[in-house]
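The values are calculated or read from the model by the stated rules, or taken from the named source; none is laboratory data. Worth saying up front: this structure is predicted, and the values here are computed from it rather than measured. FYI the Cβ positions are ideal-geometry reconstructions off the backbone, even for glycines, and counts take in every protein chain you see. Please note that ligands, DNA and RNA were not included when accessible areas were found on the heavy atoms of the full protein model with its side chains. Shrake-Rupley method; radii C 1.70, N 1.55, O 1.52, S 1.80 Å.
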Amino acid sequence: MRKRFTSLHTASTRAMQATTCVFALMLAALICACSTPGRDEGAVSAGPPDRGVATAPVRYALPPMGWNSWNAFSCNIDEKKILAVADAMASNGMAQAGYRYVTVDDCWVGGRDPKTGKLYADAHAFPGGIAALANYVHSKGLKFGLYTSGNVSTCAGMSTDRHPPSWPQGANGGSLGHERIDAQTFADWGVDYLKLDLCGGKLSTFAAMRAGIAASGRPMYLSINPYSYNRTLRTRFADDGTFYAPAYADTSRISQDITESFASVESIVDIAAADAAWAVPGYFNDLDMLEVGHAFSADQDVAHFIMWAVMASPLNAGNDVRTQRDATRALLTNPGIIAVNQDALALPAVLDQTDSMGALQVWTRPLVQSGTRAVAFINRGAAPVQATVRFASVGLDAPHHAWDLLTGSPLPVADGSVSVTVPATGARLIRLDGRDPVAATGPLAAQRWIWSVTRAGSAANDPDSEVGVKVWPAAAPQPLLPAGAKRADAIVAGGVAYRDGMAVSVPTQIVYRLGRQCSSFQSDIGLDRRSPPTSRAAFQVWADNVLLYDSGPLSAATPPKTVRVDISGRDTLRLVVTPRSGGDARDRAAWADPSVVCTSGSVGAP
Ligand code: GLA
């Protein structure tokens, strides 16, 4: 074993030396211990396998689809409107297309009963009560969602210009400090989806509500918003490092409220690009409720919907579906776009290319079927553009086929690429079919992955940074070196130097296609010696979105651990490193000597 690693390392080092300059600025810096070729030094994975920490199964594997009252009605809601919306959704094709949740946003609450301590609905707008409303929604084959706040009042309750006239002043209708009893009330009413809006409240409300939901015994999709009321979390962590959204929520907003302007859509897309590395199986970045069918042009509606879909965002329609136009309905129920959003691999798209004008962007994500990619082109400029994507640039080998997902029509492939015209402030979504690189026995560090992502942007001024933007695998195994990499840049986990591996900034994810032909994955793990002493990171190994290993928090002082997991019968391997503290830009994590054993050939076998 040790011998084979040495000769493989020699081959990959030569390849690296040839390609260092080209890839120096690219993201997920794969570092190889650049020792003299043939010299057998450094550690290899050897320790007893670490069993990891106990983990809970993923609650919801796909982003939710539904409708929410806020963008259509703001506080002008009542039960008649909600009943009519449920009727419309059940019969107009939206339910069949996958829209399940009918969510009543802010302004339903009347107050809190001082005797029972329970919330009650505004009797003027909801005379039948919430339980009856939920019951009706369920009778239509749909699921019921409800809003609450993590402060003492709701967001609208705090804005006198927003709350309904029937509300008593200071209705005290928020859930802060009442999470357990409110979760039970919501469960008793038949709530299936809870939107928990921070509204300037306390971050502790999220964990408290999660516990309350668990204690209630009723499954509820927990959708949180830590951003409301002008509060912005720079990362998925609170300043004190205690709050990590995926630990509590099934989905979390990542921005301030969307508005009816295309600039707002674009700014959320930019935030989503930087935040893609936070999405892990069972947790989705929420780009906010849709403005489709409101003030945008037809092309802008298409661009907005395509980008939300391809980023694996929840799709909550925000229009008045009782009166929606045919074109709006056709777009919201477009089967090709929805199939991408609901694809079982559930990876958000990552930004692959931006043209020199910053107008045309190419976003890509692998789909669950081996050898497929969804590619979204968004044109943020003022004139139509011709957009081209090469199959090789998204890691797909021939034979090649392509489809326009908006129309379902095949697209011509010429010289290994596909071109489409993208209207101004518009988008196109296409599917590429080819062949994925499939993992083979041997070190994983030199093999081609099908998707990778890291946090972008935050470390731009850090000279020691390996943070960049996502990169697709090149046509041949080409490990990446950071600019000016030296011997000193060897993988160093827990003070032990390794010859081979991937040292990544945190958070980072890498996905390999296994083709159901591999039996085991092994790697040592640890924080690189350059990480600050306060850094904490967790390593996770997922296969087909099933969690196989979770290290729990490690620090730079933790000795390396050996991970060994059975991946028999699995099609994808997802290596995830997330910070377990404030997410310092200098955090470094090392997958050291990662390797797989497969029945399919081998990489560089003797
Ligand atoms: C905040 C949220 C919105 C909506 C309103 C309701 O602004 O971000 O989505 O729920 O509160 O008051």
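Here are some notes:
- Among the residues making up the range 347-370, those that are in a loop (DSSP other than H, G, I, E, B) and within 21 Å of the chain's Cα centre (by Cα) are LEU347, PRO348, ALA349, LEU367, VAL368, GLN369, SER370.
- Matching strands (runs of 3 or more DSSP E) fully within the range 150-254 where at least 1 residues are at pLDDT 90 or above, assigned by TED's automatic domain parsing to the domain that holds ALA125 and among the basic types (Lys, Arg): 193-197, 251-253
- Test set (1) open to solvent by 10 Å² or more (accessible area, probe 1.4 Å); (2) without any contact (Cβ under 8 Å) to a residue 40 or more places away in the chain; (3) not in a loop (DSSP other than H, G, I, E, B) - ARG329 fails condition number: (2)
- Each residue in the range 104-117 was checked for being of a type in the set (Val, Ile, Thr) and either open to solvent by less than 30 Å² (accessible area, probe 1.4 Å) or not assigned by TED's automatic domain parsing to the domain that holds GLY177 (or both), and 2 pass.
- Residue in the range 367-377 that is in contact (Cβ under 8 Å) with a residue 60 or more places away in the chain and within 30 Å of LYS80 (Cβ to Cβ) present: no
- Taken together, the residues in the range 363-387 that are open to solvent by 10 Å² or more (accessible area, probe 1.4 Å), of a type outside the set (Lys, Arg) and farther than 25 Å from VAL511 by Cβ amount to 6.
- Within the range 535-553, the set of residues being modelled with pLDDT under 90 and within 12 Å of ARG588 (Cα to Cα) comprises SER535, ARG536, ALA537.
- Only residues that are within 19 Å of TRP403 (Cα to Cα) and either among the basic types (Lys, Arg) or out of contact with any strand residue (DSSP E or B) (no Cβ under 8 Å at 6 or more places or on another chain) (or both) were counted in the range 328-343, giving 6.
- Count of residues meeting criterion [open to solvent by 30 Å² or more (accessible area, probe 1.4 Å), of a type outside the set (D, E, K, R) and not in a strand (DSSP E or B)] in the range 425-451: 1
- From the list ALA344, ALA339, the one residue that fits, being in a loop (DSSP other than H, G, I, E, B) and on the phi < 0 side of the Ramachandran plot, is ALA344.
- Considering ILE268, ILE306, the condition of being in a helix (DSSP H, G or I) and within 16 Å of the ligand (Cβ to nearest atom) is satisfied by ILE268 alone.
- Residue in the range 286-296 that is in contact with a Lys or Arg (Cβ under 7 Å, 6 or more places away or on another chain), touching a residue at least 24 places away in the same chain (Cβ under 8 Å), charged (D, E, K, R) and on the phi > 0 side of the Ramachandran plot present: yes
- Residue in the range 121-128 that is crowded, with 23+ Cβ neighbours inside 10 Å, of a type in the set (A, V, I, L, M), in contact with a strand residue (DSSP E or B) (Cβ under 9 Å, 6 or more places away or on another chain) and in contact (Cβ under 8 Å) with a residue 24 or more places away in the chain present: no
- The selection criterion, being away from the ligand (no atom under 16 Å from the Cβ) and farther than 24 Å from ILE254 by Cα, holds for ARG180.
- Positions within the range 209-226 being buried (at least 20 other Cβ atoms within 10 Å of the Cβ) and either more than 12 Å from ASP250 (Cα to Cα) or among the charged types (D, E, K, R) (or both), in sequence order: MET209, ARG210, GLY212, ILE213, PRO226
- Search result, residues across the range 388-402 that are open to solvent by 20 Å² or more (accessible area, probe 1.4 Å) and either of a type outside the set (Asp, Glu) or modelled with pLDDT of 95 or more (or both): THR388, ARG390, ALA392, SER393, ALA398, PRO399, HIS400, HIS401
- Top-ranked residue in the range 266-291 [being among the hydrophobic types (A, V, I, L, M, F, W, C) and open to solvent by 10 Å² or more (accessible area, probe 1.4 Å); ranked as farthest from ASP352 (Cα to Cα)]: MET289
- Every residue from the range 498-540 that is in contact with an Asp or Glu (Cβ under 8 Å, 6 or more places away or on another chain) and over 30 Å from PHE237 (Cα atoms): TYR498, ARG499, ASP500, ARG513, LEU514, GLY515, ARG516, SER519, SER520
- The range 248-265 - residue that is away from the ligand (no atom under 12 Å from the Cβ) and buried (at least 16 other Cβ atoms within 10 Å of the Cβ) and, of those, farthest from HIS294 (Cα to Cα): TYR248
- Of the numbered criteria (1) closer than 23 Å to SER267 by Cβ; (2) assigned to a loop (DSSP other than H, G, I, E, B), the one ILE378 fails is (2).
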